[in-house]
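The values are calculated or read from the model by the stated rules, or taken from the named source; none is laboratory data. Everything numeric here is computed off the predicted structure, so don't read it as measured data. Virtual Cβ from ideal backbone geometry, glycine too; neighbours counted across all protein chains shown. Accessible surface is based on the protein model in full, side chains and every heavy atom, while ligands, DNA and RNA are left aside. Shrake-Rupley method; radii C 1.70, N 1.55, O 1.52, S 1.80 Å.
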Amino acid sequence: MLLRNLGGFLRDSMPDRARQRYGDMEYDWEHRLNTSSGTVGWEARLLGIFHSPYQPTEPSLFREMMASLPIDFSAFMFVDVGSGKGRALLMASEYPFRKILGIESIAELHRAAEDNIRVWQSSAQASTQRCRQIEAVLADAREFEFPEEPQVLYFFNPLSERAFSEMIERLTNSLARAPRPLWIVYHNPLLERVLRRSAAFVRVDGTEQVAVYCSNSS
């Protein structure tokens, strides 16, 4: 598996593949940001093969995912697990969440997210924000203590199966201690079987691209 992953990394580093990674630049050009996968350094890309390669969320799909949630956004905080350069955090700020939090374990991506948040909040786009409390933290999601308040958790397939299982177990224990509404929006749900094994969450909606779960207390 390691050899296959390294082979894929080398193929993606070739000039033709590098150009393909700039295919998501439209959002950055429009907002003067740096959230593209094309500008990720080789060290962060190499780390990504052991976790999940960085890829930002497409804006129109993000809006569709948020529209699928039957909730009052103002009663929830938004948490992006594997927040990368922070694009989902910025898009979430256009909804009236109580707070927005990004968790990222790769330092290069985390620094880019902090820069993007500063640019976003000081630019013309700030007028579209309905939530201005945005924070990015450098942390391992498996060890992160999720706040005991209603949340929308966003996953873009951010972790290996083992790490994802550990995080879901931690969330399950947290819900047992402090029952609360918790919604999961899982984009590219390659490891959905982990959620299906948990008695704490129920699948309520989904497509091939997205799976939506809620806690039993939602």
Can you name every residue in region 201-214 that is at pLDDT 95 or above and more than 16 Å from ALA67 (Cα to Cα)? PHE201, VAL202, ARG203
Answer residue from region 99-157, given it is outside any loop (DSSP other than H, G, I, E, B) and of a type in the set (Lys, Arg) and is least open to solvent (accessible area, probe 1.4 Å) among those: LYS99
State whether the residues of region 161-182 include one that is of a type in the set (Asp, Glu), in contact (Cβ under 8 Å) with a residue 40 or more places away in the chain and either open to solvent by 10 Å² or more (accessible area, probe 1.4 Å) or farther than 17 Å from ILE103 by Cα (or both). no
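For region 61-91, give me each residue that is among the small types (Gly, Ala, Ser) and in contact with a helix residue (DSSP H, G or I) (Cβ under 8 Å, 6 or more places away or on another chain). Show your work before the answer.
As a first pass, look at region 61-91 and keep what is among the small types (Gly, Ala, Ser): 67-68, 74-75, 82-84, 86, 88.
Passing the criteria: SER83, GLY84, GLY86, ALA88.
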Consider LEU90 against the criteria (1) among the hydrophobic types (A, V, I, L, M, F, W, C); (2) modelled with pLDDT under 95; (3) crowded, with 23+ Cβ neighbours inside 10 Å: it satisfies all of them except one. Which criterion is unmet? (2)
I need the full set of residues from region 158-188 which are among the hydrophobic types (A, V, I, L, M, F, W, C) and either over 18 Å from the mean Cα position of the chain (by Cα) or in a helix (DSSP H, G or I) (or both), in order please. ALA163, PHE164, MET167, ILE168, LEU171, LEU175, ALA176, ALA178
